[in-house]
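What follows is a short report on a single structure.
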Amino acid sequence: MDDKIKAEIEKLLQGALEKIEETCQKAKLELERHGEKMSLFGHRLRQAEFYYEKGEHENALKAYEMALELNPNSPIAWDGKGMTLGNLMRPQEALQSHEQALKLDPAFARAWSNKGVVLGELKRYKEALSAYVQTVKLDPGFATAWYNIAMTSAVLGDKEKMVEGLKQVLRLDGTMKEAILDDFQTFIDEGELEALVSQVSHGPG
């Protein structure tokens with residue numbers, strides 16, 4: 001092979017290798033930046049959850065918003081923001097946040113349940129019931145969602161669905177017996193309610 005041609009080939013190969021190395025270095029830096037960003041996102045999310053648990057909802061909201069600036073595709077952060085907005089009596093914004101969470105993760109049972117809570121507060125009871133039903137389809141062991149199915153059905157005058165929900169609650173969580181006796185007195189005869197609670201609490205399983 002002609003030395004001149006060989007030199008040209010070697011030059012081209014060297015140039016290609018340098019470009020590959022440059023691309024690898026850029027990718028490495030991008031991964032490092034992404035890692036740092038996700039680490040900071042995790043910190044902001046934990047901070048938001050800490051404030052939420054303490055009842056400091058304004059601080060929680062700020063932290064959730066900072067978390068979402070770092071990772072706008074987090075259904076957990078959107079759902080947490082929705083819960084916080086709900087506690088701040090901003091139900092329309094809360095509903096939008098829960099819907100965004102569900103857009104990102106349609107199988108997120110907690111977000112469906114939280115969406116139901118907001119819809120109930122807005123007196124959109126049929127939609128709330130649908131959200132709770134979707135919750136228990138995704139997570140049949142979600143006792144709070146069954147409780148809300150029972151309560152929403154009671155408000156809608158559907159006694160059969162109310163009783164079905166109460167039975168599921170009692171099977172899943174016997175500690176809710178007293179709450180049921182207190183909350184459902186206006187929707188069902190006291191004797192019938194006590195019999196239901198006793199029957200399910202002491203029934204098979």
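The values are calculated or read from the model by the stated rules, or taken from the named source; none is laboratory data. What you see is a predicted model; the values in this text were computed from it and never measured. Ideal geometry is used to build each Cβ from the backbone, glycine not excepted, and the neighbour counts take in all protein chains shown. SASA here: full protein model, heavy atoms, side chains in, ligands and nucleic acids out. Shrake-Rupley method; radii C 1.70, N 1.55, O 1.52, S 1.80 Å.
Structure data summary
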read-out	value
Segment 107-148, residues that are among the β-branched types (Val, Ile, Thr) and touching a Phe, Trp or Tyr at 6+ places or on another chain (Cβ under 6 Å)	135, 136
Residue within segment 31-53 that is aliphatic (A, V, I, L, M) and modelled with pLDDT under 65 present	yes
Test result for residue 66, part of a helix (DSSP H, G or I) and surrounded by fewer than 16 Cβ atoms within 10 Å (Cβ to Cβ)	no
Residue among 135, 84 that is open to solvent by less than 40 Å² (accessible area, probe 1.4 Å), of a type in the set (S, T, N, Q) and farther than 20 Å from residue 172 by Cβ	84
Test set (1) at positive phi; (2) touching a helix residue (DSSP H, G or I) at 6+ places or on another chain (Cβ under 7 Å) - residue 184 fails condition number	(1)
Every residue from segment 144-176 that is more than 16 Å from the chain's Cα centre (by Cα), open to solvent by less than 20 Å² (accessible area, probe 1.4 Å) and among the small types (Gly, Ala, Ser)	150, 153, 154, 165
Tally of residues being buried (at least 22 other Cβ atoms within 10 Å of the Cβ), touching a Leu at 6+ places or on another chain (Cβ under 8 Å) and touching a residue at least 24 places away in the same chain (Cβ under 8 Å) across segment 87-107	2
Residue ID - farthest from the chain's Cα centre (by Cα), chosen from residues in segment 108-132 that are among the aromatic types (Phe, Trp, Tyr) and open to solvent by less than 50 Å² (accessible area, probe 1.4 Å)	132
